[in-house]
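Note sheet for the following structure.
The values are calculated or read from the model by the stated rules, or taken from the named source; none is laboratory data. Please read these numbers as outputs of a predicted model, since none were measured by experiment. Quick reminder, even Gly has a Cβ in these numbers, built from the backbone with ideal geometry, and neighbours come from all protein chains shown.
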Amino acid sequence: MNSGDGDGRTGRTVGAVARIAKVTVRTLHHYDEIGLLSPRGRTPAGYRRYDEADLGRLQRILFYRELGFPLEEIAAVLDDDSVSPSEHLRRQHQLLTDRIAHLQKLAAAVEHAMEAEKMGIQLTPEEKFELFGEHYREEWETEAEQRWGSTGAWAESQRRTGGYGKADWERIKAEGDALNARLVEAFTAGEPADGGPATGLAEEHRQQITGNFYECGHEMHCCLAEMYVADPRFTAVYEQLAPGLARWLHDAILANAARRTGGQA
């Protein structure tokens with residue numbers, strides 16, 4: 001065996017092993033003192049010498065340390081005579097697979113946080129679910145940027161919401177909930193979508209968007225109305241309030257735009 005430092009017949013010196021494994025000499029001394037890695041060889045003067053089996057054990061120790069195992073648990077795992085070298089490899093593979101999956105979840109969480117920051121929504125995930133309900137999904141924010149990130153409305157929404165805190169979002173949610181309650185009341189009362197009460201509520205809906213996010217003209221409002229019936233996720237928001245409400249609101253928005261623009265929306 002080519003020992004690197006020291007006498008090739010007696011193994012590698014502690015300094016050579018420290019350099020190979022990128023650990024400190026003090027670490028190797030500690031492992032020896034607690035019986036976790038006691039090298040098989042010694043020189044006549046008592047200096048440690050590590051052979052290939054010692055290096056293999058050190059490699060396994062460092063692997064488990066990287067995964068956060070305490071030294072006592074590592075010793076128990078490595079000293080279990082019922083576990084073969086191939087079983088150690090299978091365990092390591094499974095642990096690595098689990099670690100990769102965990103890191104991927106962490107990376108996804110960081111990406112979501114980055115997207116939320118871009119959206120200007122300075123809220124914790126708990127606050128988002130508290131304010132927007134159990135149906136809120138953070139990926140909607142990413143999708144919104146992908147669809148409208150190049151528009152002036154998006155830029156204006158970014159600028160305005162960038163300064164919003166939790167109190168602002170609570171106010172916006174309260175306004176929206178109150179409007180939704182009046183929409184349900186008018187719809188269940190049988191108000192026609194093109195009647196005065198319905199179009200008045202549709203106009204209030206448009207004004208809330210303009211007041212809180214971006215200038216929502218009637219043409220833009222009609223585009224949103226189409227989404228309320230074309231995208232099942234948007235439809236579900238209103239259908240859970242009252243079956244048929246999404247289509248009714250869609251028709252009310254179009255009727256309001258026609259009434260206020262002379263059919264030019």
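Scanning segment 158-182 for residues that are under 18 Å from residue 203 (Cα atoms), among the acidic types (Asp, Glu) and surrounded by 14 or more Cβ atoms within 10 Å (Cβ to Cβ) returns a single hit, 175.
Against the list (1) modelled with pLDDT of 50 or more; (2) within 17 Å of residue 228 (Cβ to Cβ); (3) outside any loop (DSSP other than H, G, I, E, B), the condition residue 140 fails is (1).
Kindly evaluate residue 193 against the criterion of being surrounded by 15 or more Cβ atoms within 10 Å (Cβ to Cβ), part of a loop (DSSP other than H, G, I, E, B) and in contact (Cβ under 8 Å) with a residue 12 or more places away in the chain.
yes
Listed by position, the helices (runs of 4 or more DSSP H) inside segment 8-75 whose residues that are within 30 Å of residue 103 (Cβ to Cβ) and either of a type in the set (Val, Ile, Thr) or touching a Ser or Thr at 6+ places or on another chain (Cβ under 7 Å) (or both) number at least 2 are 14-21. Contact map, segment 157-169: first residue assigned by TED's automatic domain parsing to the domain that holds residue 211 and closer than 17 Å to residue 208 by Cα, second residue at pLDDT 75 or above and hydrophobic (A, V, I, L, M, F, W, C), Cβ cut-off under 9 Å, separation 6 or more or different chains; pairs are 157/213; 160/213; 161/169; 161/213; 164/172. Scanning segment 101-115 finds one or more residues that are modelled with pLDDT of 75 or more and exposed (fewer than 15 other Cβ atoms within 10 Å of the Cβ). Here is a check on your reading of the model: is residue 252 outside any helix (DSSP H, G or I), of a type outside the set (Val, Ile, Thr) and either touching a residue at least 40 places away in the same chain (Cβ under 8 Å) or assigned by TED's automatic domain parsing to the domain that holds residue 181 (or both)? Taking the combined requirement at face value, the residue does not satisfy it. Here is the figure for segment 208-265: residues that are more than 19 Å from residue 186 (Cα to Cα) and among the polar types (S, T, N, Q) total 4. Can residue 186 be described as under 28 Å from residue 156 (Cβ atoms), small (Gly, Ala, Ser), in contact (Cβ under 8 Å) with a residue 12 or more places away in the chain and surrounded by 13 or more Cβ atoms within 10 Å (Cβ to Cβ)? No; evaluated as a whole, the condition is false for this residue. Can you name the residue in segment 81-97 that is at pLDDT 75 or above and surrounded by fewer than 11 Cβ atoms within 10 Å (Cβ to Cβ) and, of all such residues, is farthest from residue 34 (Cα to Cα)? Among those residues, the one meeting the criterion is 97. Taking the criterion of being on the phi > 0 side of the Ramachandran plot and surrounded by 13 or more Cβ atoms within 10 Å (Cβ to Cβ), the only residue of segment 8-60 that qualifies is 11. Scanning segment 208-245 for residues that are assigned to a helix (DSSP H, G or I), among the hydroxyl-bearing types (Ser, Thr, Tyr) and buried (at least 16 other Cβ atoms within 10 Å of the Cβ) turns up 228, 235, 238.
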